[in-house]
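Nothing in this text is a laboratory measurement; each read-out follows from the coordinates by a stated rule. Note that the structure is a prediction, hence the values are computed from the model and not measured. Positions of Cβ are generated from backbone atoms using ideal geometry, with glycine treated the same way; all protein chains shown enter the neighbour counts.
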Amino acid sequence: APGRDLLAVEGLQVNYGPVQALRGISLSIGEGELVSVIGPNGAGKSTLTLAVAGIVPPAAGHIRYDGADLSGRPAERIVRDGISLVPEGRHVFPALTVEENLIAGATPARGRGNVDPAALEEVLATFPILKERYRSAAGKLSGGEQQQLVIARALLAKPRLLLLDEPSLGLAPLVIDLVFDILARMRDAGQTILLVEQNADRALAISDRTYVLRSGAIVLSGASADLAVDPAFDEAYFGFA
Ligand code: ATP
């Protein structure tokens, strides 16, 4: 069952020059919850993950993590403090092997190349395909395998909060099933996850709660099972009924 809030975003505003990407949004994630933020292209989903990870600075508002305000905390410290971001686009090092890609994701606290062997074993048990492809160049993996690799790399840091930006993007439906099965198992094992997705059906099906983001504002939120059958959903998401 969800516990106290691990993350609480309050009145978060982010601007890129004159563009207001987030117009004062508030949301929370309880310990152990899988929360999704869905919305169309340009809604501000990536910006939210970048702000929580400390990569883009808020113009206003607060991001509280584990009870403390993250304002001004450098991104590399935020990672050390337990927030890992899997950014959009499956950024692997194509010429490096799966093993080398995983090792390059070792937590900054341990230093590069100092992977915790127990964590590595656990991650390879979750993603058996990566064990099979351990010595293959990451660039030779399929899109779904690369998505698993970047999630595995983030998990090696043993994050308390995992941020995932559009893990389904560009994947075939069966591969999306596989990736989302893995996310569901991670949540069942207690991992707290913020999932940002354009794929509303998949996100609603897998998450505990959902926020609908449009043009930088949250227009609807609630238990995912309720939103999936809410007559107001289509208008909130697409802007028409
Ligand atoms: P997508 O699914 O396309 O990634 P998104 O919901 O993640 O969309 P963001 O990438 O967060 O949306 O973008 C939110 C808004 O901010 C958009 O209007 C976008 O054009 C704008 N934006 C994003 N990054 C920048 C930037 N570096 N400079 C200027 N404007 C930006």
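Any chance you could tell me what percent of the C-alpha pair distances in segment 63-202 go past 24 Å? Walk me through the numbers on the way to the answer.
Values: 2723 of 9730 pairs.
Tail fraction, whole percent: 28.
Compare SER142, SER224, SER28 in a GNM of the chain, Cα atoms joined below 10 Å, and give the one with the largest fluctuation.
SER142
Build a GNM of the chain with springs between Cα atoms under 10 Å: which of GLU122, GLU99, GLU145 gets the top mean-square fluctuation?
Judging by the Gaussian network model, the answer is GLU122.
Over the chain, calculate the relative contact order: mean separation of alpha carbon pairs under 8 Å at least 6 apart, over the residue count, as a percent. Please report the intermediate quantities before stating the final value.
Numbers: 478 pairs, mean separation 64.3, N = 241.
Once normalised by length, the contact order is 27 percent.
Considering the chain as a Gaussian network with a 10 Å cut-off on Cα pairs, which listed residue, ASP181, ASP69, ASP230, attains the greatest mean-square fluctuation?
With Cα springs under 10 Å in the chain, the top fluctuation among ASP181, ASP69, ASP230 is at ASP230.
Taking the Cα centre of segment 156-241 as the origin, how large is its charge dipole in debye, to the nearest 20, when only Lys and Arg (+1) and Asp and Glu (-1) carry charge on their Cβ atoms?
Working: 7 positive and 12 negative charges, 86 e Å.
Result for segment 156-241 is approximately 420 debye, rounded to the nearest 20.
Add -39500 (n - 2.57) for each DSSP H run of 4 or more in the chain, then divide by its residues: what number comes out at 222 nm, to the nearest 500 deg cm²/dmol? The partial results should precede the final answer.
Details: 10 runs with 82 residues, N = 241.
Result for the chain: -9000 deg cm²/dmol, rounded to the nearest 500.
For LYS131, which lysines qualify as cross-link partners when the Cα separation must be under 30 Å and same-chain residues fewer than eight apart are set aside?
LYS140, LYS158
For the chain, with the dipole built from +1 on Lys and Arg beta-carbon atoms and -1 on Asp and Glu ones, taken about the Cα centre, which of LEU102, HIS62, GLY190 lies farthest toward the positive end?
LEU102
Pulled fully out, how much extra length does the chain show between GLU121 and ALA95, if you take 0.36 nm times their separation in residues and subtract their Cα-Cα distance? All intermediate terms of the calculation are to be shown ahead of the outcome.
Numbers: separation 26, 0.36 × 26 = 9.36 nm, distance 2.30 nm.
Here the segment from GLU121 to ALA95 would lengthen by 7.1 nm.
Subtract the Cα-Cα distance of ASN41 and ALA172 from 0.36 nm times their separation in residues, and report this length gain in nm to one decimal.
Values: separation 131, 0.36 × 131 = 47.16 nm, distance 1.92 nm.
Gain on stretching ASN41 to ALA172: 45.2 nm.
If you put +1 on each Lys and Arg Cβ and -1 on each Asp and Glu Cβ, how big is the dipole of the chain around its Cα centre, in Debye rounded to 20?
Values: 22 positive and 28 negative charges, 149 e Å.
Dipole size: approximately 720 debye.
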